[in-house]
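Take a look at the structure below.
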Amino acid sequence: MSVVHETTIGPLHLEASAQGLTLLGFSPVDGDADRDEAAEQVLDLARREIDAYLDGSLREFTVPVDLSAHPAWDRRVLEELRSVGYGETVSYGKLAAACGLEPVDARRVGGAMARNPVAIVVPCHRVVGSDGSLTGYAGGLDRKRTLLDLEARDTLLF
């Protein structure tokens, strides 16, 4: 089941299964139109939490995520990425090390980030280059900067 959710950073394309959010993306996709009450509940929660995150009142998502359709390697990296907290950043190399890999495997981590189906909720915007520079983001570097600035501003208020 899929919906388009209008936000302050533009339209977000959401899909869900009964188990959790399967997509939070920036581009339209051909989604399953079948009505599913459990998936609708996941989408409703996702929309509420995205809005709360973007207005600065939510720091940690509780919406369940369903990554079951993705390779184990990607799931491993994406699950580790979920431990990077609000307002924090991590380099590709350090994320690789946290997954038990060598820093030279940073490109493999980058590949997993590029395939992240659930942007923002699984916060790939928090992954930066080893020198702190912004690197690729499916939503574009302007959105990545906006999300990082939102989190940095909010952490200064508390």
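Values in this text are rule-based calculations from the coordinates and carry no lab data. Because the structure is predicted, anything quoted here is derived from the model rather than measured. Ideal geometry is used to build each Cβ from the backbone, glycine not excepted, and the neighbour counts take in all protein chains shown.
Computed from backbone phi, the HN-Hα couplings of segment 91-108 come to 7, 4, x, 5, 5, 4, 4, 5, 8, x, 9, 7, x, 5, 7, 4, 5, 5 Hz, rounded to whole numbers (Karplus: 6.51 cos²θ - 1.76 cosθ + 1.60, θ = phi - 60°; Gly and Pro given as x). From the largest down, segment 94-158 spans 36, 23, 20 angstrom on the principal axes of its Cα atoms.
As I understand it, the value is the acute angle between the Cα axis of helix 141-157 and the longest principal axis of the Cα atoms of the chain; what does it come to in degrees, rounded to 10? Approximately 80 degrees, to the nearest 10. Taking every alpha-carbon pair under 8 Å whose residues sit at least 6 apart, the chain reaches a relative contact order of 20 percent. The residues neighbouring residue 47, those whose beta-carbon lies less than 11 Å from its own, together hold a net charge of -4 under the Lys/Arg +1, Asp/Glu -1 convention.
With the cut-off at 1.5 for a/c, could you classify segment 62-136 from its C-alpha gyration tensor as rounded, prolate or oblate? Since a/c reaches 1.5 but b/c is at least a/b, the shape of segment 62-136 is classed as oblate. Taking the DSSP beta bridges with both ends in the chain, the antiparallel portion is around 70 percent. Distances between placed amide hydrogens fall under 5 Å for residue 65 paired with 21, all partners being 5 or more residues away or on another chain.
How tilted is helix 72-81 with respect to the longest principal axis of the chain? Cα atoms for both, answer in degrees (0 to 90, nearest 10). Long axis of 72-81 versus the principal axis of the chain: about 80 degrees. Each residue of segment 8-15 was assigned a 3J(HN,Hα) from its phi angle through the Karplus expression (A = 6.51, B = -1.76, C = 1.60, θ = phi - 60°), giving 5, 9, x, x, 10, 9, 10, 9 Hz with x at Gly and Pro.
Would you mind checking which residues have amide H under 5 Å from residue 91's amide H? H placed 1.01 Å from N; only 5 or more apart, or other chain. Long-range HN contacts for residue 91: 128. Think of the chain as having a plus end and a minus end, set by charges on the Cβ of Lys, Arg, Asp and Glu; of 106, 1, 139, 106 sits farthest toward the positive end of this dipole. Note that segment 38-55 has calculated 3J(HN,Hα) couplings of 5, 5, 4, 5, 4, 5, 4, 5, 4, 4, 4, 5, 4, 4, 5, 4, 5, 8 Hz, one per residue in order, obtained from phi through the Karplus relation 6.51 cos²θ - 1.76 cosθ + 1.60 (θ = phi - 60°); glycine and proline are x. Note on residue 44 and residue 107: their simple-model spin labels are 4.7 nm apart, each label 7 Å out from Cα toward Cβ.
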